[in-house]
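Trainee: Right, I'll just put the structure down here and ask away after.
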Amino acid sequence: MTAPGQQPLRGIGRKALPQNLVERRMTKFLREPPSVRLAASVIVTATLLIVVIGGVMMRAFDHSEYASIWVGMWWVLQTVTTVGYGDYTPRNTIGRLLTSAVMLWGIAFLAIITAAITSVFVARAERERAVTEEDEDTPVVARLARVDEQLAELSSQNRHLDERLDQIQKLLERNAAKPEG
């Protein structure tokens, strides 16, 4: 049962499913190794989102200095990419606060996405390297298995020879103990 206004839990008795679209996409993205094209598209999409949202916010909050959304987006693009031509700089307090937020948001967000993508690529490379090493080790392992079989056979033959030598020694001792005559 759920309380009024609450969503029922999904996935009870099995793995819980992510609730929102972003969580589902990130879960899928991190579970399946991305291609370079997908990784690049994620970074470009994130950058575009930051530029568009930041440009709209700059126009809305500091409209006296940023005459259009396009000027605000140009400024955000310069800020996020750390180019900073200086042709547009906020002078009002709200503009400077927004500048600080865009710089931190853009740099942190892109760094996190880039790190996540890099870690997925590193994990994929490690898995591929492990498979390659296993493939390279397969002939060695097969030869070692044959050596083990041969050692077991030699050990068995050695035990058999020891038993035969013991029998011969007993026969010789019996013959030596018998009086000649």
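The values are calculated or read from the model by the stated rules, or taken from the named source; none is laboratory data. Everything numeric here is computed off the predicted structure, so don't read it as measured data. Ideal geometry is used to build each Cβ from the backbone, glycine not excepted, and the neighbour counts take in all protein chains shown.
Trainee: Check A152, A116 and return the single one that is surrounded by 10 or more Cβ atoms within 10 Å (Cβ to Cβ), at pLDDT below 85 and part of a helix (DSSP H, G or I).
Mentor: Numbers: A152 fails: at pLDDT below 85.
Exactly one of A152, A116 is surrounded by 10 or more Cβ atoms within 10 Å (Cβ to Cβ), at pLDDT below 85 and part of a helix (DSSP H, G or I), namely A116.
Trainee: Same structure again: Might you check whether a residue that is among the acidic types (D, E), in a loop (DSSP other than H, G, I, E, B), exposed (fewer than 10 other Cβ atoms within 10 Å of the Cβ) and touching a helix residue (DSSP H, G or I) at 6+ places or on another chain (Cβ under 9 Å) occurs anywhere in segment 87-94?
Mentor: The initial filter retains those residues of segment 87-94 that are among the acidic types (D, E), namely 87.
Narrowing the set further to residues that are in a loop (DSSP other than H, G, I, E, B) leaves 87.
When the remaining residues are screened for being exposed (fewer than 10 other Cβ atoms within 10 Å of the Cβ), the result is 87.
From what's left, touching a helix residue (DSSP H, G or I) at 6+ places or on another chain (Cβ under 9 Å): 87.
Within segment 87-94, one or more residues are among the acidic types (D, E), in a loop (DSSP other than H, G, I, E, B), exposed (fewer than 10 other Cβ atoms within 10 Å of the Cβ) and touching a helix residue (DSSP H, G or I) at 6+ places or on another chain (Cβ under 9 Å).
Trainee: Let me ask another. Return the residues of segment 122-181 that are over 30 Å from R31 (Cα atoms) and among the basic types (K, R); say none if nothing qualifies.
Mentor: Passing the criteria: R143, R146, R159, R164, K170, R174, K178.
Trainee: Let me ask another. Given the conditions (1) within 30 Å of M26 (Cα to Cα); (2) outside any helix (DSSP H, G or I); (3) not hydrophobic (A, V, I, L, M, F, W, C), which single one is not true for T99?
Mentor: Going through the list (1) within 30 Å of M26 (Cα to Cα); (2) outside any helix (DSSP H, G or I); (3) not hydrophobic (A, V, I, L, M, F, W, C), T99 breaks only (2).
Trainee: From the list R59, R37, which one is crowded, with 16+ Cβ neighbours inside 10 Å and either at pLDDT below 80 or within 29 Å of V22 (Cβ to Cβ) (or both)? So that I can check it myself, show each step before the final result.
Mentor: Working: R37 fails: crowded, with 16+ Cβ neighbours inside 10 Å.
Result of the check over R59, R37: R59.
Trainee: Right, something else. For S68, only one of the following conditions fails: (1) exposed (fewer than 12 other Cβ atoms within 10 Å of the Cβ); (2) hydroxyl-bearing (S, T, Y); (3) closer than 16 Å to T47 by Cα; (4) at pLDDT 80 or above. What is its number?
Mentor: Answer for S68: the failing condition is (3).
Trainee: Could you tell me which residue of segment 71-85 is surrounded by the fewest Cβ atoms within 10 Å (Cβ to Cβ), considering only residues that are more than 34 Å from the chain's Cα centre (by Cα) and not in a loop (DSSP other than H, G, I, E, B)?
Mentor: Across segment 71-85, the extreme among qualifying residues is V71.
Trainee: Let me ask another. R127 fails exactly one of the following numbered conditions: (1) assigned to a helix (DSSP H, G or I); (2) surrounded by 12 or more Cβ atoms within 10 Å (Cβ to Cβ). What is the number of that condition?
Mentor: Status for R127: all satisfied but (2).
Trainee: Is there a residue in segment 19-32 that is among the basic types (K, R), within 30 Å of Y88 (Cα to Cα) and either at pLDDT 75 or above or in contact with a Leu (Cβ under 9 Å, 6 or more places away or on another chain) (or both)? Please lay out each step first, then the result.
Mentor: Quick first cut of segment 19-32, residues among the basic types (K, R) only: 24-25, 28, 31.
Now drop any that are not within 30 Å of Y88 (Cα to Cα), which leaves none.
No: segment 19-32 contains no residue that is among the basic types (K, R), within 30 Å of Y88 (Cα to Cα) and either at pLDDT 75 or above or in contact with a Leu (Cβ under 9 Å, 6 or more places away or on another chain) (or both).
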